[in-house]
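Colleague: Could you have a look at this structure, given as structure tokens, before my questions?
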């Protein structure tokens, strides 16, 4: 199937904590060791209420998926337990898939996570989608009872356990390097058989790409430069074939930041400060926290140490619009950019960050609504015919 | 042999560099001197090299291996605990056909040496533990090296940063990336055995089995394994002397001539 024929749009929320002290820029990292004395639970409560309203709106506007994920000890996200966020969304949404992208399984027991996901799938009547993250380097400092040097091996084994729990009638046993189960027998079983749609999520390291390709799963890229996302999907395509799977456009999830307004100027004026906040404030951390010992291979360490990335602390708008999946402007401009990216990466799944950084509620509502009503129809001509489609490359 | 990082070999003057395979573990080994065999086990970081051991080669046949996963020795997947290193060094003694040796261990190497000594005391003539890790001393805990920012590490290892300066390449120069990769490699290997805690909670229970003359050597300003820990070690090992080098830090062999000499005097 061509990407144009199966295009879906997911709305993702990080639910960041944004009420930071005026001297926040004096801290090297707003992850791991940034004191929780800066967290005001009453303000946090208000933010949760607002953020959940935004995700409910995304469902009402017809987005195909609502994406949540998990981070720890950080202002970046208020979802250290993202399955709780997913559970809260289920009864207040009707149509969208509930996408948990996801819990780093190394920080919980694999049978427990298999149960949690099965619960969400049954509760939602089969609306669950799952992505498996290894967890950022920062999470291994914040959850430092887990050894980063064995993280990848433990991760692989844990996913194997979960798949066994979902695919083999229980009870079964599992004899592994990290876990031994006598009675693997999860109740409930998943609503979707044999189990919900799964992706691997990551930054494009060869180890995680190979892991996804072996299983024939999709790859949900986190927010990394375009070239890195395209390279990831290209390698996926090669490796999938080797393992006897087919790489289809729905297995390539492109991660984007979008903002739509009446004119390009208005859009940039309204959006750039929040995108800058995301990169320079909420994502700010140190190289040490990004790569705890043993977390990445020496080859990967050499690459990362040798080339400082713009992510996690830096910001250059011109560079960003050129090299990152950031589309800010009129519906025409945003649609054109997205069509170009989907064509380039042969991707039919677009994750949109409608809320970015410290963006206020009204802008999120405006952005999300304009994107749903003015951008998506330009890219999905068959569902909602539009005369503007003719001018969109690849449509 | 494929090594993890392209680093220039740090062969101590007068020593020979060997590449050997010890029951599946590829290691690089420096050998020098003549006399009774002396096996030196290095610490978790090898940045300062091994020049301090050269004086021992005047009286001993000195063996200085890189642990698997450290320095020039590549990773061996099987090494995930201190006991794996202990058994590896028993393998190495067999490989080199060494019946009884003087065993000298620094920091992580001291932890391995003390554990080996508690299990296989008859393989040793004498034991030297230099600022050894591995013992839980709640009142004077071993520093969590993983908790330090990289820029703060040198000041915790040595009293005078000038001691380490010649071993750290210019951050703007061509060798610095190799230096960082080697450091990440060694910290990764150390994390495999010590991420959870830099000690073995059960070691104290078994140190009474060491029945060879033992020297505990410390710098008085050791900030990694505080000098106060020496009292606990000495109370648990039956025949232990304590030697403290005034003014030195954790890398007492590099920071003073007195450190290497104390080892030589004790073993002679």
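Colleague: Out of A:395, A:339, A:308, A:390, I need the residue that is modelled with pLDDT under 90 and part of a helix (DSSP H, G or I). Which one? Spell out how you get there, then give the answer.
Modeller: Numbers: A:395 fails: part of a helix (DSSP H, G or I); A:339 fails: modelled with pLDDT under 90; A:308 fails: part of a helix (DSSP H, G or I).
Unique residue meeting the criteria: A:390.
Colleague: Quick check: is even one residue across the stretch B:125-139 surrounded by fewer than 18 Cβ atoms within 10 Å (Cβ to Cβ) and farther than 23 Å from residue B:244 by Cβ? Can you show your working first?
Modeller: We begin by selecting, within the stretch B:125-139, every residue surrounded by fewer than 18 Cβ atoms within 10 Å (Cβ to Cβ); these are B:125, B:136-139.
Cutting the leftovers down to farther than 23 Å from residue B:244 by Cβ gives us B:125.
For the stretch B:125-139, residues surrounded by fewer than 18 Cβ atoms within 10 Å (Cβ to Cβ) and farther than 23 Å from residue B:244 by Cβ: present.
So that you can scan it fast, the table gives a plain yes or no per residue for (1) under 22 Å from residue B:82 (Cα atoms); (2) modelled with pLDDT of 95 or more; (3) surrounded by fewer than 16 Cβ atoms within 10 Å (Cβ to Cβ):
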position: B:8; (1), (2), (3): no, no, yes
position: B:17; (1), (2), (3): no, yes, yes
position: B:22; (1), (2), (3): yes, yes, no
position: B:26; (1), (2), (3): yes, yes, no
position: B:29; (1), (2), (3): yes, yes, no
position: B:35; (1), (2), (3): no, yes, yes
position: B:39; (1), (2), (3): yes, yes, no
position: B:53; (1), (2), (3): no, no, no
position: B:61; (1), (2), (3): no, yes, no
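Colleague: Scan the stretch A:6-61 residue by residue and report those that are in a helix (DSSP H, G or I) and in contact with a helix residue (DSSP H, G or I) (Cβ under 7 Å, 6 or more places away or on another chain).
Modeller: A:6, A:24, A:50, A:52, A:54, A:55, A:56, A:57, A:58
Colleague: Those residues that are in a loop (DSSP other than H, G, I, E, B) and touching a helix residue (DSSP H, G or I) at 6+ places or on another chain (Cβ under 7 Å), I need them from the stretch B:200-214; list them, please.
Modeller: B:200, B:210, B:211, B:212
Colleague: Still on this structure, I have one more. Select from the stretch B:149-199 the residues that are more than 10 Å from chain A (Cβ to nearest Cβ), part of a loop (DSSP other than H, G, I, E, B) and in contact with a helix residue (DSSP H, G or I) (Cβ under 8 Å, 6 or more places away or on another chain) and list them in ascending order.
Modeller: Matches in the stretch B:149-199: B:158, B:159, B:160, B:164, B:168, B:169, B:170, B:198.
Colleague: Does residue B:224 satisfy being more than 14 Å from chain A (Cβ to nearest Cβ), at pLDDT 95 or above and either surrounded by 24 or more Cβ atoms within 10 Å (Cβ to Cβ) or in a loop (DSSP other than H, G, I, E, B) (or both)?
Modeller: Spelling it out, residue B:224 is indeed more than 14 Å from chain A (Cβ to nearest Cβ), at pLDDT 95 or above and either surrounded by 24 or more Cβ atoms within 10 Å (Cβ to Cβ) or in a loop (DSSP other than H, G, I, E, B) (or both).
Colleague: Among the numbered criteria (1) surrounded by fewer than 19 Cβ atoms within 10 Å (Cβ to Cβ); (2) under 21 Å from the mean Cα position of the chain (by Cα); (3) under 30 Å from residue A:20 (Cβ atoms), which single criterion is violated by residue A:344?
Modeller: (3)
Colleague: Additional query: Mind listing whichever residues of the stretch A:290-302 are in a helix (DSSP H, G or I) and either in contact with a strand residue (DSSP E or B) (Cβ under 8 Å, 6 or more places away or on another chain) or facing chain B (nearest Cβ under 7 Å) (or both)? Spell out how you get there, then give the answer.
Modeller: Keep residues of the stretch A:290-302 that are in a helix (DSSP H, G or I), which gives A:290, A:298-302.
Answer for the stretch A:290-302, where residues must be in a helix (DSSP H, G or I) and either in contact with a strand residue (DSSP E or B) (Cβ under 8 Å, 6 or more places away or on another chain) or facing chain B (nearest Cβ under 7 Å) (or both): A:298, A:301, A:302.
Colleague: Before we move on, is residue A:111 within 14 Å of chain B (Cβ to nearest Cβ), touching a helix residue (DSSP H, G or I) at 6+ places or on another chain (Cβ under 7 Å) and either closer than 22 Å to residue A:186 by Cα or surrounded by fewer than 24 Cβ atoms within 10 Å (Cβ to Cβ) (or both)?
Modeller: Judged against the criteria, residue A:111 is not a match.
Colleague: Residue A:148 - would you say it is within 26 Å of residue A:253 (Cβ to Cβ) and within 14 Å of chain B (Cβ to nearest Cβ)?
Modeller: Numbers: within 26 Å of residue A:253 (Cβ to Cβ): yes; within 14 Å of chain B (Cβ to nearest Cβ): yes.
It is true that residue A:148 is within 26 Å of residue A:253 (Cβ to Cβ) and within 14 Å of chain B (Cβ to nearest Cβ).
Colleague: So, one more: So, in the stretch A:216-225, exactly how many residues are out of contact with any strand residue (DSSP E or B) (no Cβ under 9 Å at 6 or more places or on another chain) and closer than 18 Å to residue A:303 by Cβ?
Modeller: Residues in the stretch A:216-225 being out of contact with any strand residue (DSSP E or B) (no Cβ under 9 Å at 6 or more places or on another chain) and closer than 18 Å to residue A:303 by Cβ: 1 in total.
Colleague: When you go through (1) under 24 Å from residue B:40 (Cβ atoms); (2) more than 14 Å from chain A (Cβ to nearest Cβ); (3) in a helix (DSSP H, G or I) one by one for residue B:132, which number turns out not to apply?
Modeller: (3)
Residue by residue, here is whether (1) within 14 Å of chain B (Cβ to nearest Cβ); (2) farther than 21 Å from residue A:181 by Cα; (3) surrounded by fewer than 19 Cβ atoms within 10 Å (Cβ to Cβ) holds:
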site: A:127; (1), (2), (3): no, yes, no
site: A:153; (1), (2), (3): yes, no, yes
site: A:161; (1), (2), (3): no, no, no
site: A:168; (1), (2), (3): no, no, yes
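Colleague: For the stretch B:170-229, enumerate the residues that are touching a strand residue (DSSP E or B) at 6+ places or on another chain (Cβ under 6 Å) and either without any contact (Cβ under 8 Å) to a residue 60 or more places away in the chain or farther than 16 Å from residue A:147 by Cβ (or both).
Modeller: Within the stretch B:170-229, B:203, B:212, B:213, B:214, B:215, B:216, B:217, B:218, B:219, B:220, B:227 meet the criteria.
Colleague: Looking at the stretch A:252-286, which of its residues are touching a helix residue (DSSP H, G or I) at 6+ places or on another chain (Cβ under 7 Å) and part of a helix (DSSP H, G or I)?
Modeller: A:264, A:270, A:272, A:281, listed by residue number.
Colleague: Go through (1) within 14 Å of chain A (Cβ to nearest Cβ); (2) part of a loop (DSSP other than H, G, I, E, B); (3) surrounded by fewer than 19 Cβ atoms within 10 Å (Cβ to Cβ); (4) modelled with pLDDT of 95 or more for residue B:44 and report which single condition fails.
Modeller: Every condition holds for residue B:44 apart from (3).
Colleague: Here's something else I'd like to know. Filter the stretch B:87-132 down to the residues that are more than 13 Å from the chain's Cα centre (by Cα) and closer than 20 Å to residue B:26 by Cα and list them by number.
Modeller: B:87, B:88, B:90, B:91, B:92, B:93, B:94, B:95, B:96, B:97, B:98
Colleague: Right, here's the next one. Can you tell me which residue is surrounded by the most Cβ atoms within 10 Å (Cβ to Cβ) among those in the stretch A:235-289 that are in contact with a strand residue (DSSP E or B) (Cβ under 9 Å, 6 or more places away or on another chain) and within 14 Å of chain B (Cβ to nearest Cβ)?
Modeller: In this case the residue turns out to be A:285.
For (1) assigned to a helix (DSSP H, G or I); (2) modelled with pLDDT under 95; (3) touching a strand residue (DSSP E or B) at 6+ places or on another chain (Cβ under 9 Å), each residue gets a yes or a no:
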{"residue": "A:112", "(1), (2), (3)": "yes, no, no"}
{"residue": "A:115", "(1), (2), (3)": "yes, no, no"}
{"residue": "A:118", "(1), (2), (3)": "yes, no, yes"}
{"residue": "A:121", "(1), (2), (3)": "yes, no, yes"}
{"residue": "A:132", "(1), (2), (3)": "no, no, yes"}
{"residue": "A:145", "(1), (2), (3)": "no, no, no"}
{"residue": "A:149", "(1), (2), (3)": "yes, no, no"}
{"residue": "A:155", "(1), (2), (3)": "yes, no, yes"}
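The values are calculated or read from the model by the stated rules, or taken from the named source; none is laboratory data. Please read these numbers as outputs of a predicted model, since none were measured by experiment. Here the Cβ is made from the backbone with ideal geometry for all residues, glycine too, and neighbour counts use every protein chain on show.
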